[in-house]
Amino acid sequence: VIFQVTAIGKNPRALEATVRSVLYWIRNTPKLTYHYLLWLIIEPDGYATDPALYESLRAAGVRLMVVPTDYRTRLGTTGKGRALQYGSEERRRLGLSAPSVWVYHQDEETCVGQDTLEGISEFVVQGERLVGTGIILYPLDWSGSPSHVQEVTRSYDDFRVLDSMTKPGNPTAGFHGSHFLARADVEDDIGWDAQGYVPGEDLLFEVRVRREFGSVFGLLKGFAYEKGAFSMWDQLRQRRRWVHGVLHALLRSSGVPPRRRVTLFYSALSWFSALPSVAILVASAFVHYGPTLLATGVFTGFVWTSMVVAYVEGFRLHRRYLQRPTSWFRFGVHGLLGALVDVMAPWYALVTHPSYADFIPKDLPVPATNRRSASRPTRA
Amino acid sequence: MPNSRPSSSGARSDSPESTERRETFRRSDPAARSGPPVAPEERLAEFHAVLEEIDTIFGLLRVEIDQARPSPELPERPTPAAAPRLAAPPPVAESPVVEEETSWGAPSPFLDDRLATAREVAAGISTEFDTIRRQTQGLGEAVETLRSELDRASEELAFLRGNEGADAPVAPTRPLAELRVARAAPAAASAWEGSRPVAEAPAYDSFTVARYNETVQDLQGRRRRLGTTMLVLAAVISAVLMAIEFLAHEPAPVWWLAGLPIIWMVPVPFFVSSFVGTHRLLSEVPLDLPEAG
């Protein structure tokens, strides 16, 4: 199994924790059924942020790959897709593009646990599915901020994602860009190359795998552990990128089958409908439209309850991992704020352009006095 | 006179601290060390006790010397015991201590220097012992790590030899050509069907299988209650909303009637699908993992 962390590399401390979590649990999980390699693929400007740290990771056994500035894919993709394609070509070059090799994809802040490694082990041993993904929790650097509270709903939503992903056609468009495992030969056969910048390279990959191999997606047991955006502004930009990914797949990707376009369109429409719904709710105080609710009110309670349950159950999934308690009142207020950001995100995406330069900070700011020591490698 | 002076033998026999020190000496005696191995911390404590003892002896010696020194310029010690010493000589006046006192000559002028040097050396030895203690501790930790790694390696070896490891029951790997949609029947069944039953098996160091299992089992255990509560709550909310609207008897403009259901109903299939899918997954798929042995 190749643990592959693909990132720009501008969050070196988050990245270090990710890498060390793999090293730690590989060392402390007995009876794994696979050999492992740890690959770290970053961009040159990311490497320049802390060369000493990256070299220390290299010394710890990580295969550090800095994507050459002059590297060009065949179709000329840019962004993360380009780095992923580079990794894919490296595997081919090293003879690792084989059925017995699996690639576990991590973002820069995707820490693993013992359960992640065991989940991978079980998935690989069963060998029934070619690609697997699982549930992601967001307990790292938890502060209880609106953007963090909003993230817990994603963990509960992952059950929907997993269900949809493992069904033929992926009816509600579920997949992850991290915490997924793919058989190396399958991934390298599909590749990550595309024309230009693809904001949703993971979505495109999932669509292509499904098109080529059918419903070969399985559930990867074990959690991955990530961190939410630190601010609502970062949350908004992150969501904007997702929406741009969906819009790109809908409008610019020629390889998406028509049926899949329909499901993608519906998912996007559901998201876009959130803001008008909220607007109508507010307007209802002024404009009377009573009888209409006779038709829609049957389902309104269900939609509202579903949303509340996502917060409550998402939090319950996290509570064993959170070191900082959050009161229910604070949780509720921050949940509302976080939800408002998510509601606005698709419309914000409509009026702005996708940008490869969208950098979401994942390293907590370090006080000036600690900055020097924080940049030194720490023992896992 | 002898009882006026802090005779070394007398002071030690009366003080519990001295008794403790003698115990320390006894323990440091090689003959007494036939028991279990002594920890480095204990050795260091013993060493410190020895140093203290030496220091005490030096102190006592110094007192003896000061008193024996016939220097007229030294002020008379106003010890409370001085008067009775002169007035009433004790019955043990002919004790060996008195003989010792009388047998001593003038103290060496270098005595202070020698004492200072001796203290310096003793302090140096103490530092060295500290260093040794630290090194011993580090060595102990290294040995412990080595031992645990060897244990683990043995376990892993037994695991692999037991045919449970990387060499065996991995499902046969099918080549890509066979897997492609055009050549293979698309998987119509859900991903869960046919899956094997689960086999027995800051900060990130707390992300264990046990904690994961607790979390998913908790959710799966509450699944039925969660689903029921959710549906009941949804029905109640919807009923209340509808009742309010029905009782309000308010007219709605046509454009509201035309547009509103479209917007509000759009996400409903998504949420219904999400509810059904989540509960299907929670009920049908065992999510727990075998505990790492």
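The values are calculated or read from the model by the stated rules, or taken from the named source; none is laboratory data. Not measured: the values here are computed from a predicted model. Positions of Cβ are backbone-derived with ideal geometry, glycine not excepted, and every protein chain shown enters the neighbour counts. Remember, those area values only see protein heavy atoms, side chains included, never the ligands or the DNA or RNA. Shrake-Rupley method; radii C 1.70, N 1.55, O 1.52, S 1.80 Å.
Tabulated data for the structure shown
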| quantity | calculated |
| --- | --- |
| Percent RCO, i.e. relative contact order, over the stretch A:126-217, from Cα pairs under 8 Å lying at least 6 residues apart | 37 |
| Accessible-area order (highest first, 1.4 angstrom probe) of the listed residues A:304, A:328 | A:328, A:304 |
| With DNA, RNA and ligands ignored, accessible area of residue A:123 (1.4 Å probe; Å², nearest 10) | 20 |
| Student exercise, chain A dipole from Lys, Arg, Asp, Glu Cβ charges, in Debye to nearest 20 | 220 |
| Shielded by partner chains, the stretch A:200-219 residues - at least 40 Å² of accessible area, 1.4 Å probe, vs chain alone | A:212, A:213, A:219 |
| For the stretch A:11-77, with +1 on Lys and Arg beta carbons and -1 on Asp and Glu, the positive-most of A:44, A:24, A:62 along the dipole | A:24 |
| Beta bridges per DSSP with both ends in the stretch A:1-144, % antiparallel, nearest 5 | 0 |
| Accessible area in the full protein assembly, largest first, 1.4 Å probe, for A:43, B:42 | B:42, A:43 |
| Residue A:154 accessible area, assembled protein chains, probe 1.4 Å, Å² | 60 |
| Unsatisfied cross-links (Cα-Cα over 27 Å) in the set A:10/A:221; A:221/A:362; A:167/A:221; A:10/A:227; A:80/A:362; A:80/A:227 | A:10/A:221 |
| Of all accessible heavy-atom area on chain A, the percent that carbon and sulfur account for (1.4 Å) | 61 |
| Rel. contact order, % - alpha carbon contacts under 8 angstrom, at least six apart, chain A | 23 |
| Solvent-accessible area per residue, Å², over chain A with all protein chains present [probe radius 1.4 Å] | 37 |
| DSSP-loop chymotrypsin sites (Phe, Trp or Tyr not before Pro) across the stretch A:70-109, with at most 16 other Cβ within 10 angstrom | A:71 |
| Residues with amide H under 5 Å from that of residue A:102, placed H, sequence gap 5 or more | A:2, A:184 |
| Relative contact order for the stretch A:51-153, counting Cα pairs under 8 Å that sit 6 or more residues apart, in percent | 11 |
| Accessible area of residue A:244 in the full protein assembly, 1.4 Å probe (Å², nearest 10) | 20 |
| Computed [θ] at 222 nm, deg cm²/dmol, chain A (DSSP H ≥ 4; -39,500 (n - 2.57); rounded to nearest 500) | -17000 deg cm²/dmol |
| Those residues of the stretch A:112-131 for which accessible area with every protein chain present is at least 40 Å² below the isolated value (1.4 Å probe) | A:114, A:115, A:118, A:122, A:125, A:126, A:128, A:129 |
| Summed buried accessible surface, chains A and B, 1.4 Å probe, nearest 100 Å² | 8300 |
